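See below for the structure under consideration.
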Amino acid sequence: MTPEELHYLYKEDVRTMPEFTSDRDYTPLTREQVQWQARTLAHIELQENVLDTAAFKDAMMRSSHSTVRAEAGLSFFQLLTTAVTRAELRMPAGARGAFVPIGNHFDALRAITEIMQGANQDLLIVDPYADESVLLRFAGAAREGVKVRVLRDVRYRDCGTRLNGAKESWVQQYREAKPLEIRSAAASTLHDRFIAQDGETIFLISQSLKDLALRSPATIQKADPGIATEKIQAYEVMWANAAVM
């Protein structure tokens, strides 16, 4: 598996990790805990790191004893955070995904800023609910000379009105330094939220940018190259057929 894929798996393992608490009385592991351990062990084995695999199995054995279950849970967490870091260090620059907990506005801004800065010619932002926050919070990080394109859903008029107001301010500030174009796709034709860099690389976003990590955790993940190619081709057609704002 690629470092990007491993990074995503380990991040998801951390996110879905159940709580492991100690108890002086014997209590068996829950079904959720057992299933998580089995799934995560399979992911740890993908590293082909014998020491990490052995350490994870040892923590699994210890977790079956109620009195030391919390210590075993800490071992799981330490092994996974190390695996996340290893995968991240092996990833090429600009390819890092992110898991953004609820309310972590700075982490969300940092992750999207890195993506915006990774484009050299063109940024296509696809978000049905795109509003002024797309421009005011995120797109300003794009490099000079990079064209910014926003594709939204025509149904959401309030979002569109606010976005159009921010567009006027954007044009006054950046003019041709950062060309901007906004288009509205036909109702209910947009089923993804992503940012595409230079017509090649796509970062999938689990939430609309205006709501990123506000009410629930968010994930930002680089798409597989094959999927990215298919999506870019499909959405370029939608862009060509969308109405200019």
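Using a Förster distance of 25 angstrom, determine the FRET efficiency expected from the C-beta separation of Glu200 and Glu5, and round it to 0.05.
0.85
Please list, or write none, the aspartates and glutamates whose alpha carbon is within less than 18 Å of the alpha carbon of Lys57, excluding same-chain residues fewer than 8 places away.
Asp13, Glu19, Glu32, Glu45, Glu48, Glu71
Work out Dmax and Rg for segment 9-132 from the C-alpha atoms and quote the Rg first, both in angstrom.
When restricted to Cα atoms, segment 9-132 yields Rg and Dmax of 18.6, 62 Å.
In Å², what does the accessible area per residue of segment 199-245 work out to with a 1.4 Å probe?
50 Å²
7 Å from Cα along Cα→Cβ at both Thr53 and Asp158: what's the point-to-point distance in nm?
Result: 5.4 nm between the two label points.
How large is the helix-only mean residue ellipticity at 222 nm for the chain, computed as the sum of -39500 (n - 2.57) over DSSP H runs with n ≥ 4, divided by its residue count, in deg cm²/dmol to the nearest 500?
-15500 deg cm²/dmol
How about segment 103-148: which GluC sites (Glu not before Pro) there lie in a loop by DSSP and see at most 11 other Cβ atoms within 10 Å?
Passing both the DSSP loop test and the Cβ count: Glu144.
Under the Kirkwood approximation applied to all pairs of distinct alpha-carbon atoms, what is the hydrodynamic radius of segment 187-234 in Å?
About 11.5 Å for segment 187-234.
Gain in length, Thr85 to Val171, computed as 0.36 nm per residue apart minus the alpha-carbon separation, to one decimal in nm?
Difference between extended and current length: 27.0 nm.
Rounded to the nearest Å, what's the spacing between the alpha carbon centres of segment 169-188 and segment 46-89? Just the number, please.
About 48 Å separates the Cα centre of segment 169-188 from the one of segment 46-89.
Which stretch or stretches of segment 179-198 have amide N atoms under 17 Å from the point lying 7 Å from Ala240's Cα along the Cα→Cβ direction?
The answer is 183-186, whose backbone nitrogens lie closer than 17 Å to the label point.
Where does helix 69-90 land angle-wise versus the long Cα axis of the chain, in degrees 0 to 90, nearest 10?
Once rounded, one gets 40 degrees.
Taking only Cα atoms, what is the 0 to 90° angle, nearest 10, from helix 3-16's long axis to the longest principal axis of the chain?
70 degrees
Tell me the carbon and sulfur percent of the accessible area for the chain, rounded to whole percent, probe radius 1.4 Å.
The value for the chain is 52 percent carbon and sulfur by accessible area.
Name the residue, out of Val126, Val171, Val50, whose mean-square fluctuation peaks in a Gaussian network model built on the chain with Cα pairs under 10 Å.
Val50
Only one of the listed values, (1) 14.6; (2) 17.8; (3) 15.3, was derived from the coordinates as mean projected area of the Cα convex hull in nm²; which label is it?
So the calculated entry is the one marked (1).
Any idea what angle helix 50-63 forms with the longest principal axis of the chain, computed on alpha-carbon atoms, 0 to 90 degrees, nearest 10?
70 degrees
The values are calculated or read from the model by the stated rules, or taken from the named source; none is laboratory data. These figures come from a predicted structure and were not determined experimentally. Positions of Cβ are generated from backbone atoms using ideal geometry, with glycine treated the same way; all protein chains shown enter the neighbour counts. Ligands, DNA and RNA are stripped out before the accessible areas are found, and what is left, the full protein with its side chains, is counted by its heavy atoms. Shrake-Rupley method; radii C 1.70, N 1.55, O 1.52, S 1.80 Å.
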